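Student: Next up is a structure, given as structure tokens.
The values are calculated or read from the model by the stated rules, or taken from the named source; none is laboratory data. Keep in mind it's a predicted model, so treat the numbers as computed, not measured. Quick reminder, even Gly has a Cβ in these numbers, built from the backbone with ideal geometry, and neighbours come from all protein chains shown. When the accessible area is computed, the model is the full protein with side chains, heavy atoms only, and any ligands, DNA or RNA have been set aside. Shrake-Rupley method; radii C 1.70, N 1.55, O 1.52, S 1.80 Å.
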Amino acid sequence: MQQPRVLNNQTVANLPATILKPSYDRSELTSGIVHVGVGGFHRSHEAFYTETYMNKTKDTRWGICGIGLREGDRKMQEILAEQDYLYTLMVKQPDGQSAVQVIGCVTDFILGCDSPLAVIDKMAHEDTQIVSLTITEGGYNFNPATGAFDFTNPDVQHDLANPDSPRLVFGYLAAALKRRMDSGETPFTVQSCDNIQHNGNMTRRMLLAYINAFDDVLAEWVADNVAFPNAMVDRITPATTAADIADVEALTGVQDKWPVTCEPFTQWVIEDTFSSERPRWEFCGAQFVSDVTPYETMKIRLLNASHTVLGVLGSLAGFNTINESIDDPLFCATICAFMDKEVTPVLAPVAGIDLTTYKETLISRFSNPNIKDSLTRICSESSSKVATFLVPTIQENVANKGSYDIGALVAAAWCYYSDTHKSHAGKPLEVIDVQAEQLQQAAVMTKQDGLAFIRQTEIFGNLAEQAAFTERYESYVSQFYAGTHVTELMRHIVAAVKPVTASTANA
Ligand code: CS2
């Protein structure tokens with residue numbers, strides 16, 4: 001049997017003309033960007049914007065050197081290296097059409113677990129203007145209850161003792177910035193692309209806390225010279241499936257072992273405070289603003305939190321994907337009620353954005369039947385996501401005497417789910433969470449202590465001490481343990497609410 005042709009520098013040249021491919025000269029690329037965490041989202045978002053920028057301007061200084069810090073990054077490194085760092089982006093429209101593009105801006109990929117010094121050299125290299133990060137919400141190493149950098153993490157202790165072979169991103173950034181300081185060069189910008197409120201400020205605070213533990217001079221230089229722009233990032237990017245790989249091959253005639261698929265919608269709002277040069281991403285749709293706070297709060301609390309609500313409640317009800325769940329009128333009504341009654345009242349107005357339209361757009365994005373974003377992906381690392389996306393909204397509503405029925409229901413459903421790892425119908429649920437064991441232990445304790453699960457203060461802050469909240473939460477938890485189906489509780493809640501957001505999906 002004939003071997004499939006694989007995507008690489010040779011085959012890309014002969015792709016059908018309908019497929020967009022790099023129009024700049026890849027052999028001229030230098031890596032102005034070093035990116036830590038080359039997963040699906042980086043490849044559909046920052047790399048896509050950078051590719052679009054270079055296709056338009058032929059300014060080839062903005063190649064991206066990928067960095068993986070862990071063993072788990074090896075597969076991506078190997079596949080990209082085999083493909084001359086080319087990959088395919090497949091944008092899936094709701095009507096079933098897909099636009100396929102080959103992205104060429106990745107120049108290289110270094111694994112920190114194999115060659116830590118090569119990573120430090122690359123970050124410190126004079127071509128590097130930006131070190132960007134998608135290290136997930138959990139990667140920032142802060143204790144959500146106190147907000148402080150977590151020095152108890154054994155990897156932090158390892159990095160303090162071994163500054164030339166760190167494990168965490170903060171060790172790498174510190175070592176590379178020290179080289180820049182010592183050689184008298186301007187620093188690179190550190191640009192977070194994670195869904196964390198004030199992601200730049202958070203990165204700065206964590207990095208400075210880490211550096212302050214061993215080098216006051218470097219800490220002062222970083223504080224005075226390094227920019228950490230805050231940004232809101234958005235593009236739904238499901239995990240790549242075997243069917244996606246087959247579809248890409250059918251459309252392009254070449255095999256890409258790890259393409260990335262995403263929705264058509266994309267948004268990037270960035271504070272324009274860079275340490276030195278940056279690509280003119282505004283030429284290809286990014287928005288530069290002086291204060292990103294309202295945009296990021298809106299996105300994290302509406303989009304990401306609604307994903308978590310659908311993920312947890314939908315998993316118990318037996319759904320597999322976001323679109324399957326939002327297609328169910330009860331789930332759609334629950335999300336509309338959550339957005340209108342629990343989130344909107346605690347959001348500040350966002351200049352230039354009509355919130356009602358924004359929420360309606362979210363419902364239609366969630367409904368895109370071709371994205372098939374799995375609830376397993378959405379529920380992965382819920383311990384960081386619930387703390388970042390949902391708990392602040394509940395806390396503010398408790399303080400303002402607002403509504404938090406759906407927030408309490410999700411907390412209770414997540415407790416039950418963390419205990420049983422099963423849907424109501426007994427379907428096993430795959431729990432991907434670094435805290436999975438701790439979550440299960442806390443959930444199991446619920447039978448003795450109804451509040452055991454929400455006493456995990458690093459996730460829930462002080463919610464276990466808020467009587468108004470705990471009353472609601474305990475009532476839901478005991479109903480779950482008594483066998484009540486999640487949809488029965490949801491029906492009760494939405495019956496009492498008249499949503500404002502029209503469900504375009506189910507109209
Ligand atoms: C999702 C995000 O992981 C999650 O829980 O909410 O990955 C979401 O799809 C992206 O932030 C969309 O921009």
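Student: What number, in percent, do you get for the relative contact order of region 388-507 if the mean sequence gap of Cα pairs under 8 Å and at least 6 apart is divided by its residue count?
Tutor: The normalised contact order for region 388-507 reaches 28 percent.
Student: In angstroms, what radius of gyration and Dmax does the chain have, counting Cα atoms only?
Tutor: 23.0, 68
Student: Looking at 14, 267, 338, which one has the Cα that reaches farthest to the positive end of the dipole of the chain (charges on Cβ: Lys, Arg +1; Asp, Glu -1)?
Tutor: Result: 338, furthest along the dipole toward the positive end.
Student: Using θ = phi - 60° and the Karplus form 6.51 cos²θ - 1.76 cosθ + 1.60, what ³J(HN,Hα) does each residue of region 90-107 get, whole Hz, x for Gly and Pro?
Tutor: 10, 9, 9, 7, x, 7, x, 6, 10, 9, 10, 9, 9, 9, x, 7, 7, 9
Student: In what sequence, largest accessible area first, do 332, 284 appear using a 1.4 Å probe?
Tutor: 284, 332
Student: Please turn the phi angles of region 130-135 into ³J(HN,Hα) values with the Karplus equation 6.51 cos²θ - 1.76 cosθ + 1.60 (θ = phi - 60°), one per residue in order, whole Hz, x for glycine and proline.
Tutor: For region 130-135, the Karplus curve yields 9, 10, 9, 9, 10, 10 Hz.
Student: Give 21/122; 58/257; 56/341 a once-over and call out the pairs whose C-alpha atoms are over 32 Å from each other.
Tutor: 56/341
Student: Still on this structure: Could you list which residues have their amide H under 5 Å from that of residue 288, counting only those 5 or more apart in sequence or on another chain, with H placed in the peptide plane?
Tutor: Hits under the 5 Å cutoff: 270.
Student: Something else: Would you please give the residues with an amide H less than 5 Å from that of residue 35, counting only those at least 5 places away or on a separate chain, with H modeled from the backbone geometry?
Tutor: Placed amide hydrogens put 65, 66, 67, 132 under 5 Å from residue 35.
Student: Count neighbours as other Cβ atoms within 10 Å of each site's Cβ, and list the trypsin sites (Lys or Arg not before Pro) in region 44-100 that are DSSP loop with at most 13 such neighbours.
Tutor: Passing sites in region 44-100 are 58, 70.
Student: Take the chain, mark every one of the chymotrypsin sites (Phe, Trp or Tyr not before Pro) that falls in a DSSP loop and has at most 15 other Cβ within 10 Å, then report the longest stretch left between them, sites excluded.
Tutor: Within the chain, the longest run free of exposed chymotrypsin sites (Phe, Trp or Tyr not before Pro) spans 266-507.
Student: Among the trypsin sites (Lys or Arg not before Pro) in region 313-383, which ones are in a DSSP loop with at most 10 other Cβ atoms within 10 Å of the Cβ? Mind listing them?
Tutor: Loop-located and lightly packed - none at all.
Student: Using a probe radius of 1.4 Å on heavy atoms only, what accessible surface per residue do you get for region 299-381? Whole Å² is fine.
Tutor: Heavy-atom SASA per residue in region 299-381 reads 28 Å².
Student: DSSP loop (so not H, G, I, E, B), at most 11 other Cβ within 10 Å: list which GluC sites (Glu not before Pro) in region 317-394 pass both filters.
Tutor: Taking region 317-394 and a limit of 11 other Cβ atoms within 10 Å, no loop GluC sites (Glu not before Pro) are found.
Student: Stick to Cα atoms and the Kirkwood definition of Rh, then tell me Rg/Rh for region 381-423.
Tutor: Rg/Rh: 1.03.
Student: Then there is this: What is the Cα radius of gyration of region 60-104 over 2.2 N^0.38 Å, N being its residue count?
Tutor: For region 60-104, the normalised Cα radius of gyration is 1.47.
Student: In addition: Run the dipole for the chain about the Cα centre, Lys and Arg Cβ at +1, Asp and Glu Cβ at -1, nothing else charged, and hand back the magnitude in debye, nearest 20.
Tutor: That gives the chain a dipole magnitude of about 900 debye.
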